[in-house]
1. Answer yes if at least one residue in region A:59-76 is crowded, with 19+ Cβ neighbours inside 10 Å, under 16 Å from B:Gln37 (Cα atoms) and either in contact (Cβ under 8 Å) with a residue 40 or more places away in the chain or not aromatic (Phe, Trp, Tyr) (or both), and no otherwise.
2. Just checking, does region B:93-106 include any residue being in contact with an Asp or Glu (Cβ under 7 Å, 6 or more places away or on another chain) and more than 8 Å from every other protein chain (Cβ to nearest Cβ)?
3. Any residue at all in region B:72-95 that's touching a residue at least 24 places away in the same chain (Cβ under 8 Å), in a loop (DSSP other than H, G, I, E, B) and hydrophobic (A, V, I, L, M, F, W, C)?
4. Restricted to region A:13-31, and to residues that are in a strand (DSSP E or B) and under 23 Å from A:Thr84 (Cβ atoms), which residue is nearest to the other protein chains (Cβ to nearest Cβ)?
5. Kindly indicate whether any position in region B:33-45 is surrounded by fewer than 16 Cβ atoms within 10 Å (Cβ to Cβ) and aliphatic (A, V, I, L, M).
6. It is to be established whether one or more residues within region A:34-42 are closer than 18 Å to B:Gly99 by Cα and in contact (Cβ under 8 Å) with a residue 24 or more places away in the chain.
7. Which of the residues that make up region A:93-110 are in contact (Cβ under 8 Å) with a residue 24 or more places away in the chain and either in a loop (DSSP other than H, G, I, E, B) or within 7 Å of another protein chain (Cβ to nearest Cβ) (or both)?
Amino acid sequence: SQQGEEDPQALSIQEGENATMNCSYKTSINNLQWYRQNSGRGLVHLILIRSNEREKHSGRLRVTLDTSKKSSSLLITASRAADTASYFCATDEAGTALIFGKGTTLSVSS
Amino acid sequence: DAGVIQSPRHEVTEMGQEVTLRCKPISGHNSLFWYRQTMMRGLELLIYFNNNVPIDDSGMPEDRFSAKMPNASFSTLKIQPSEPRDSAVYFCASSSSLGGQPQHFGDGTRLSIL
């Protein structure tokens with residue numbers, strides 16, 4: 001089944017820097033979602049972008065979607081230590097279940 | 001508001017034993033999903049329900065796995081008999097609709113089969 005592929009697999013930055021994660025997928029989608037997972041916890045929904053949208057903002061998060069390239073990016077501005085987590089993209093192909101990628105592990109050091 | 005509640009949080013048992021994982025979705029959500037997460041395979045969708053009806057169980061790895069949703073507020077995932085390779089974190093998630101909406105995850109059950 002189709003799966004989003006995040007890039008990079010791991011990212012280490014300093015507090016205050018921006019973090020950019022990318023997601024590529026293979027087939028047409030209805031929407032794409034980004035989730036965060038802190039160690040030992042469940043996934044938390046961050047943002048949903050529909051196939052007819054190109055960019056969306058939520059606080060320090062900015063998500064872009066390029067359906068022609070079948071890719072999305074998540075930008076976290078002014079990173080904080082509390083942003084340390086794994087980030088997953090998930091694609092919704094047919095309005096049914098989500099397919100998750102394997103995630104990007106972000107480490108933000110103070 | 002209470003989120004998705006899973007129990008137990010941790011389970012350690014011996015190979016061959018029956019394991020039952022439980023999930024209470026968010027009230028009013030009509031879609032429920034069971035996932036398994038491992039380092040090797042990432043997050044795998046096992047089965048999902050809509051309005052208490054199983055829609056797709058193609059992700060269930062073997063006949064040893066079964067899931068039920070007897071009512072809108074409760075679901076179980078059962079493994080019988082359990083094997084060491086079943087060791088993983090199992091997540092339940094619920095959503096207000098089958099597609100186009102965020103999923104809300106529980107904190108998972110960490111299962112270790114010895």
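Read the figures in this text as sums done on the coordinates, not as results from a lab. Computed from a prediction, not measured in an experiment: that's the story for all the values here. Neighbour counts are summed over all protein chains in view; Cβ atoms, including those assigned to glycine, are modelled from backbone coordinates with ideal geometry.
1. The answer is no, given that none of the residues of region A:59-76 is crowded, with 19+ Cβ neighbours inside 10 Å, under 16 Å from B:Gln37 (Cα atoms) and either in contact (Cβ under 8 Å) with a residue 40 or more places away in the chain or not aromatic (Phe, Trp, Tyr) (or both).
2. Among the residues of region B:93-106, not one is in contact with an Asp or Glu (Cβ under 7 Å, 6 or more places away or on another chain) and more than 8 Å from every other protein chain (Cβ to nearest Cβ), which makes the answer no.
3. Yes, region B:72-95 contains at least one residue that is touching a residue at least 24 places away in the same chain (Cβ under 8 Å), in a loop (DSSP other than H, G, I, E, B) and hydrophobic (A, V, I, L, M, F, W, C).
4. Narrowing region A:13-31 to residues in a strand (DSSP E or B): A:13-14, A:19-24, A:31.
Those left that are additionally under 23 Å from A:Thr84 (Cβ atoms): A:13-14, A:19-23.
Numbers: A:Ile13: 23, A:Gln14: 27, A:Ala19: 20, A:Thr20: 21, A:Met21: 15, A:Asn22: 17, A:Cys23: 13 Å.
Filtering region A:13-31 for residues that are in a strand (DSSP E or B) and under 23 Å from A:Thr84 (Cβ atoms), the one nearest to the other protein chains (Cβ to nearest Cβ) comes out as A:Cys23.
5. Scanning region B:33-45 turns up at least one residue that is surrounded by fewer than 16 Cβ atoms within 10 Å (Cβ to Cβ) and aliphatic (A, V, I, L, M).
6. Yes, region A:34-42 contains a residue that is closer than 18 Å to B:Gly99 by Cα and in contact (Cβ under 8 Å) with a residue 24 or more places away in the chain.
7. Narrowing region A:93-110 to residues in contact (Cβ under 8 Å) with a residue 24 or more places away in the chain: A:93-95, A:98-110.
Listed by number, the residues that qualify are A:Glu93, A:Ala94, A:Gly95, A:Leu98, A:Phe100, A:Gly101, A:Lys102, A:Gly103, A:Ser110.
Each row is one residue, and each column tells you yes or no for (1) away from chain B (no Cβ under 14 Å); (2) outside any strand (DSSP E or B).
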residue: A:Gln33; (1), (2): no, no
residue: A:Arg36; (1), (2): no, no
residue: A:Ile47; (1), (2): no, no
residue: A:Arg62; (1), (2): yes, no
residue: A:Lys69; (1), (2): yes, yes
residue: A:Ser79; (1), (2): yes, yes
residue: A:Ala82; (1), (2): yes, yes
residue: A:Phe88; (1), (2): no, no
